[in-house]
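J.: One structure follows; several queries about it will come next.
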Amino acid sequence: MNSGAITKRYATALLRLTQENGSGDRVCAQVLRMLRDPSSLPSPMEPDLHAFLMLLVRNDRTPYLQRILRTFVDLHCEATGLSHVILTSAVPSEALEKQVRETIESSTGTKVLLESDVDPSLIGGYRVEVGGMMLDASVRRQFELLERNFIEKNNRIV
């Protein structure tokens with residue numbers, strides 16, 4: 001079976017379950033924590049999330065867990081009118097988080113669910129992902145562009 005169909009089907013089932021029981025925001029918050037740190041489970045775990053995870057184990061769908069949970073977050077945000085924003089920066093910065101949140105909220109008119117991550121390999125700067133689009137303002141990306149331009153202008157491989 002197509003893994004995309006499996007992912008969408010299970011994520012949609014979790015969304016419907018949380019909508020029926022009114023636990024969507026709480027489950028989404030726990031899912032985001034699980035995605036950020038897969039080695040730790042939330043305690044206490046929301047009953048809807050626990051039941052869903054047991055269903056995945058029974059149906060041997062655990063290999064799809066991360067994709068299912070990511071898809072659930074996207075579906076939950078879409079259903080509740082939130083913009084799911086992933087901010088990756090070279091160093092933690094509350095000021096940057098605040099600025100990104102305010103900028104996106106004012107330009108889209110929607111509330112933002114901000115997921116923040118730190119990736120030192122960016123060297124400096126940040127990367128923002130919103131609705132399938134990415135703004136990469138990292139130093140690493142600037143170095144990559146500089147290298148590509150150098151190679152193109154000199155017609156040789158470095």
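The values are calculated or read from the model by the stated rules, or taken from the named source; none is laboratory data. Because the structure is a prediction, the values reported are computed rather than measured. Positions of Cβ are backbone-derived with ideal geometry, glycine not excepted, and every protein chain shown enters the neighbour counts.
J.: Filter region 42-97 for residues that are among the hydroxyl-bearing types (Ser, Thr, Tyr) and under 16 Å from VAL27 (Cα atoms); which is surrounded by the fewest Cβ atoms within 10 Å (Cβ to Cβ)?
T.: SER43
J.: Which condition does SER39 not pass, out of (1) in the same structural domain as ALA11 (by TED's automatic domain parsing); (2) closer than 23 Å to LEU17 by Cα, if it passes all the others?
T.: (2)
J.: Being outside any helix (DSSP H, G or I) and crowded, with 18+ Cβ neighbours inside 10 Å, is that true of even one residue in region 102-113?
T.: For region 102-113, residues outside any helix (DSSP H, G or I) and crowded, with 18+ Cβ neighbours inside 10 Å: present.
J.: With more than 30 Å from THR18 (Cβ to Cβ) and either part of a loop (DSSP other than H, G, I, E, B) or not charged (D, E, K, R) (or both) as the only criterion, which of LEU69, LEU75, LEU145, LEU87 stands out?
T.: LEU145
J.: To continue, here is another question. Among the residues of region 119-127, are any charged (D, E, K, R), out of contact with any Pro (no Cβ under 7 Å at 6 or more places or on another chain) and crowded, with 18+ Cβ neighbours inside 10 Å?
T.: Within region 119-127, one or more residues are charged (D, E, K, R), out of contact with any Pro (no Cβ under 7 Å at 6 or more places or on another chain) and crowded, with 18+ Cβ neighbours inside 10 Å.
J.: Looking at LEU55, LEU35, which is the one that is modelled with pLDDT of 95 or more and under 27 Å from ILE6 (Cα atoms)?
T.: LEU55
J.: Now for a different question. Report, by residue number, each residue of region 42-87 that is under 24 Å from VAL118 (Cβ atoms) and among the aromatic types (Phe, Trp, Tyr).
T.: Listed by number, the list holds a single entry, PHE72.
J.: May I ask you to verify whether ALA29 is out of contact with any His (no Cβ under 6 Å at 6 or more places or on another chain), within 26 Å of ALA5 (Cα to Cα), at pLDDT below 95 and not acidic (Asp, Glu)?
T.: Yes.
J.: Just the residues that are assigned to a strand (DSSP E or B) and out of contact with any strand residue (DSSP E or B) (no Cβ under 9 Å at 6 or more places or on another chain), please, taken from region 123-142.
T.: MET133
J.: State yes or no: is LEU96 within 28 Å of PRO120 (Cβ to Cβ) and either of a type in the set (S, T, N, Q) or in contact with a Leu (Cβ under 9 Å, 6 or more places away or on another chain) (or both)?
T.: yes
J.: Is it true that GLU102 is under 19 Å from MET133 (Cα atoms), at pLDDT below 95 and in the same structural domain as VAL139 (by TED's automatic domain parsing)?
T.: The answer is no for GLU102.
J.: Picking from SER107, SER116, which residue would you name as being on the phi < 0 side of the Ramachandran plot, modelled with pLDDT under 95 and under 18 Å from the mean Cα position of the chain (by Cα)?
T.: After applying the criteria, what remains is SER116.
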